[in-house]
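Remarks on the structure that follows.
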Amino acid sequence: FFQDCILKSYFSKHEVLSDSSFRDLLQDELSKFSCKLLPGDPNPQLTLSGLERHLIGEGSHRHLSSTIQLQIPPQSFPLQSCKLVMIERLPSGVFADPFELDHLLHHGAYAAIGVFGDTNLELPSVSSNRSAVEIHMNFKHNTSSGAMSELGIRIDLPLHARYAPLHESGYSEVAFGTPDLLVSCSMEGSSEKRSCLIVPSSDSNRLRTDVVVWKIPCGIMSYTNVVSVVTFATALVSTLVIVLPSVLYSKPR
Amino acid sequence: MTAKAPMNLRRLLIGSAVFRLALILYGEWQDAHMEVRYTDVDYLVFSDAASLMASGSSPYKRTTYRYSPLLAFLLLPNSVLHRSWGKFIFSASDLLVGYFIYKILKQRKVAEDLCLYSVMVWLLNPFTFTIGTRGNCEPIVCAMILWILICLMNGKIIQAAVWYGLVVHFRIYPIIYSLPIILVLNPRYIQLGNGMEASTRYNLWTAAKSMFSKERVLFGLVSGGIFFLCTGLFFHLYQWEFLNEALLYHLTRADPRHNFSVYFYHIYLQYGRQLSLVEKLISFLPQSIVQLVLISTFAQDLPFCFFLQTVAFVAFNKVITAQYFVWFFCLLPLILPWSDMKLKWEGLGCVGLWMGAQLHWLLWGYLLEFKGQNVFLQLWMASLVFLLANASVMAVFIRLQRFSPIFLQIKVSDSKSGVKSQ
């Protein structure tokens, strides 16, 4: 269940990330899975009760922290084995470093994590396309209490700012949307008795507290001429500082 | 390497080797236990490229690998023996540079204690021992440049040419040394075989014979041949990926991200805009003028010429990263014995000015990158100050350097092959 990478499938068909075509693909992919109510259980299903988002850190290198609150219904079996898939479609202007994510994977933080789309680490925003990160995480949940239980899962994604397009204010604002979330839980050791939850970005959007915005410093266009003139003037002065002593240098016969 | 190295140099080299080994081991510990790695990001790039090569793929499948395939080849044991193999190679090259510095100065008849102090300027420089142990490949380039100098000083033109072709393939920037080397291979100073007969006649024919002397033509052909052979071989193996990443990228690089270069903000503000031919030429002009003036004035004192050219090349470049500084740090010990600069206060003043300008830039860089403050203007001004500091330090060096050509003029009466090193 949710073994395949949805983003890999998306980027095998599309070159550039587009929200509308991604939503279409997500619907197609998920229609293959049917999330049935477990037999014998009345109402309760897995629900998303809260989504907190924070941007942690300062400067060009930060962490996007997502705390996902799940309500898990009680089951007749003691232990549930669950899988969470989070798809974070990054806005233009920020990127995730694939090598850094590999490092996280080797440290056992996640079952799988990958970034797709434009993963160039060097180009500025104006020359880059968007990218997206898919995270797969496994967790176990004890359901023997007999009541609805709350579970909070925190995911930290390290991100970096690209060089932003020029703006007179000196700062470029990058706003984050909400992730697409897929959760599936089943009895430990069996995949038959399964409950699942699908919360696309448009739905999780309603649950978030604040809009996360990253203010990235950027160049100011009105300085262009002054900067160019003074740069070349300084280069010229430096040239003279070197050339004059060289020309006046006296070599012994 | 014929004479037995004296006791003090041996102790210096052994001590430096032990210290570098300790740093490599410490680096392994820091990488495993701390958030911030000791190892340079570039080293991970080289290692990944080497593993790709080991599995039969192109090293250029690794993004940001922009070096010769030779480097990945050198690091193949990283995946077979130990991941720190490369660091050992780079640190060993760094020690070799120390040995070469001693060898060159001894051949130029510098006193023993001055030789050792000069070697210490390289081996004990914190910049030097961190760069190799962190996994940066520049010490290999430095060792090759110094070996080329040794070959030239000993009249081994073909050997010098082979290594020169290789080093230009490896790193490209040493191309700036081509003109001074050609100039120094003046038949009045260095001749192969029986050399030219002395002639009192000076006409167009003798001038042409002198300009296109056997030595110069040989050097040009052999080094050019090696360069094109390497380029051709790797193009055959890796196609356009090799040409684009290892060669063309460096020639056309214009990174808008902040770095020490005075041009970074200009490039960022103009990014995406098509520059006119005049604008493109203007940015090349200061670099070209400085290089030509330095070469025409100092070519005969080859180590000093190399040193000044390298400082200028780095300072006027469109992109400057800290690893480029090693390119001239390895040449600095070769010129100190002929400098009239006193440590107090000219020497310390130069060090203070250069380091101070760098630290000033780093402070603004930290505020921009790690605190997210818009200090682009201040950072750009700090880079202007850094360029002026580099130029001023160069001016002081020029003013206080005793000109010492590496070759003396061959006397007309010498009939045998003549290389008379000074």
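The values are calculated or read from the model by the stated rules, or taken from the named source; none is laboratory data. Nothing here was measured: the structure is a model prediction, and the numbers come from that model. Note that each Cβ is placed from the backbone with ideal geometry, even for glycine, and that neighbours are counted across all protein chains shown.
Below, the figures for the structure above:
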{"quantity": "Conditions (1) among the charged types (D, E, K, R); (2) over 23 Å from B:PHE129 (Cα atoms); (3) in a helix (DSSP H, G or I): number failed by B:ASP42", "calculated": "(2)"}
{"quantity": "Top-ranked residue of segment B:266-291 - restricted to ones that are among the hydroxyl-bearing types (Ser, Thr, Tyr) and over 16 Å from B:ARG253 (Cβ atoms), ranked as farthest from the other protein chains (Cβ to nearest Cβ)", "calculated": "B:SER276"}
{"quantity": "Matching residues, segment B:46-86, being among the β-branched types (Val, Ile, Thr) and more than 21 Å from B:VAL168 (Cα to Cα)", "calculated": "B:THR63, B:VAL80"}
{"quantity": "Those residues of segment A:214-233 which are in contact with a Leu (Cβ under 8 Å, 6 or more places away or on another chain) and closer than 21 Å to A:TYR163 by Cα, in sequence order", "calculated": "A:TRP214, A:PRO217, A:CYS218, A:GLY219, A:ILE220, A:MET221, A:TYR223, A:THR224, A:VAL227, A:SER228, A:THR231"}
{"quantity": "Criterion (assigned to a loop (DSSP other than H, G, I, E, B), assigned by TED's automatic domain parsing to the domain that holds A:SER65, charged (D, E, K, R) and modelled with pLDDT of 90 or more) met by exactly one of A:GLU173, A:GLU168, A:GLU134", "calculated": "A:GLU168"}
{"quantity": "Evaluation of B:ASP42 against (1) over 20 Å from B:LEU233 (Cβ atoms); (2) out of contact with any Ser or Thr (no Cβ under 9 Å at 6 or more places or on another chain); (3) crowded, with 18+ Cβ neighbours inside 10 Å (one fails), failing number", "calculated": "(2)"}
{"quantity": "Restricting segment A:55-72 to residues that are assigned to a strand (DSSP E or B) and within 13 Å of chain B (Cβ to nearest Cβ), the residue that is surrounded by the fewest Cβ atoms within 10 Å (Cβ to Cβ)", "calculated": "A:ILE56"}
{"quantity": "Residue selected from segment B:385-397 under the condition at the interface with chain A (Cβ under 7 Å from one of its Cβ atoms) and buried (at least 20 other Cβ atoms within 10 Å of the Cβ), by the criterion farthest from A:VAL247 (Cα to Cα)", "calculated": "B:LEU387"}
{"quantity": "Qualifying positions in segment B:47-76 - of a type in the set (Phe, Trp, Tyr) and either surrounded by 17 or more Cβ atoms within 10 Å (Cβ to Cβ) or closer than 14 Å to B:LEU247 by Cβ (or both)", "calculated": "B:TYR60, B:TYR65, B:TYR67"}
{"quantity": "Residue match in segment B:137-147 (condition: crowded, with 22+ Cβ neighbours inside 10 Å and in contact with a Gly (Cβ under 7 Å, 6 or more places away or on another chain))", "calculated": "yes"}
{"quantity": "Filter result for B:ASP301 (more than 8 Å from chain A (Cβ to nearest Cβ), of a type in the set (Asp, Glu) and under 21 Å from the mean Cα position of the chain (by Cα))", "calculated": "yes"}
{"quantity": "Tally, over segment B:79-122, of residues that are in a helix (DSSP H, G or I), of a type in the set (D, E, K, R) and either closer than 30 Å to B:ALA49 by Cα or in contact with a strand residue (DSSP E or B) (Cβ under 6 Å, 6 or more places away or on another chain) (or both)", "calculated": "2"}
{"quantity": "Some residue of segment B:374-385 being more than 23 Å from the chain's Cα centre (by Cα), of a type in the set (Phe, Trp, Tyr) and more than 20 Å from B:PRO126 (Cα to Cα)", "calculated": "yes"}
{"quantity": "Pairs with Cβ under 8 Å, 6+ apart, first in segment B:309-324 and within 13 Å of chain A (Cβ to nearest Cβ) and touching a residue at least 24 places away in the same chain (Cβ under 8 Å), second of a type outside the set (Phe, Trp, Tyr) and surrounded by fewer than 18 Cβ atoms within 10 Å (Cβ to Cβ)", "calculated": "B:LYS318/B:ARG253; B:LYS318/B:ALA254; B:VAL319/B:ARG253; B:VAL319/B:ALA254"}
{"quantity": "In segment B:151-202, the residues that are modelled with pLDDT of 80 or more, surrounded by fewer than 19 Cβ atoms within 10 Å (Cβ to Cβ) and among the basic types (Lys, Arg)", "calculated": "B:LYS156"}
{"quantity": "All positions within segment B:259-272 that are assigned to a loop (DSSP other than H, G, I, E, B) and either touching a Pro at 6+ places or on another chain (Cβ under 8 Å) or under 17 Å from A:HIS167 (Cβ atoms) (or both)", "calculated": "B:GLN270, B:TYR271, B:GLY272"}
{"quantity": "Test: A:VAL94 is in contact with a Phe, Trp or Tyr (Cβ under 9 Å, 6 or more places away or on another chain) and either within 14 Å of chain B (Cβ to nearest Cβ) or within 30 Å of A:SER222 (Cα to Cα) (or both)", "calculated": "yes"}
{"quantity": "When residues of segment B:230-257 are limited to those that are more than 9 Å from every other protein chain (Cβ to nearest Cβ) and in a loop (DSSP other than H, G, I, E, B), the one surrounded by the fewest Cβ atoms within 10 Å (Cβ to Cβ)", "calculated": "B:ARG253"}
{"quantity": "Pair list, Cβ under 6 Å, 6 or more apart: segment A:109-125 residue assigned by TED's automatic domain parsing to the domain that holds A:PRO98, other residue among the aliphatic types (A, V, I, L, M) and part of a loop (DSSP other than H, G, I, E, B)", "calculated": "A:VAL115/A:ALA96; A:GLY117/A:LEU17; A:SER125/A:ALA164"}
{"quantity": "Test: residue in segment B:329-336 that is within 14 Å of chain A (Cβ to nearest Cβ) and either surrounded by fewer than 18 Cβ atoms within 10 Å (Cβ to Cβ) or of a type outside the set (A, V, I, L, M) (or both)", "calculated": "no"}
{"quantity": "Verdict on A:VAL115 being in a strand (DSSP E or B) and at pLDDT 90 or above", "calculated": "yes"}
{"quantity": "Failed item in (1) more than 14 Å from every other protein chain (Cβ to nearest Cβ); (2) touching a Leu at 6+ places or on another chain (Cβ under 7 Å); (3) surrounded by fewer than 18 Cβ atoms within 10 Å (Cβ to Cβ), with B:GLY347 passing the rest", "calculated": "(2)"}
{"quantity": "Subset of segment B:356-384 (residues that are closer than 25 Å to A:VAL243 by Cβ and more than 7 Å from chain A (Cβ to nearest Cβ))", "calculated": "B:GLY356, B:ALA357, B:GLN358, B:TRP361, B:MET381, B:ALA382, B:SER383"}
{"quantity": "Condition broken by A:ARG194, with the remaining ones in (1) at pLDDT 75 or above; (2) surrounded by fewer than 21 Cβ atoms within 10 Å (Cβ to Cβ) satisfied", "calculated": "(1)"}
{"quantity": "Residue list for segment B:310-358, filter: among the hydroxyl-bearing types (Ser, Thr, Tyr) and over 17 Å from the mean Cα position of the chain (by Cα)", "calculated": "B:SER339"}
{"quantity": "Residue check for A:ARG130: within 10 Å of chain B (Cβ to nearest Cβ), of a type in the set (Lys, Arg) and touching a Leu at 6+ places or on another chain (Cβ under 9 Å)", "calculated": "no"}
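Condition check ((1) on the phi > 0 side of the Ramachandran plot; (2) modelled with pLDDT of 85 or more) across all residues:
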position: A:VAL16; (1), (2): no, yes
position: A:GLU29; (1), (2): no, no
position: A:LYS32; (1), (2): no, no
position: A:LEU37; (1), (2): no, no
position: A:GLY40; (1), (2): yes, no
position: A:ASN43; (1), (2): no, no
position: A:LEU46; (1), (2): no, no
position: A:GLU58; (1), (2): no, yes
position: A:LEU64; (1), (2): no, yes
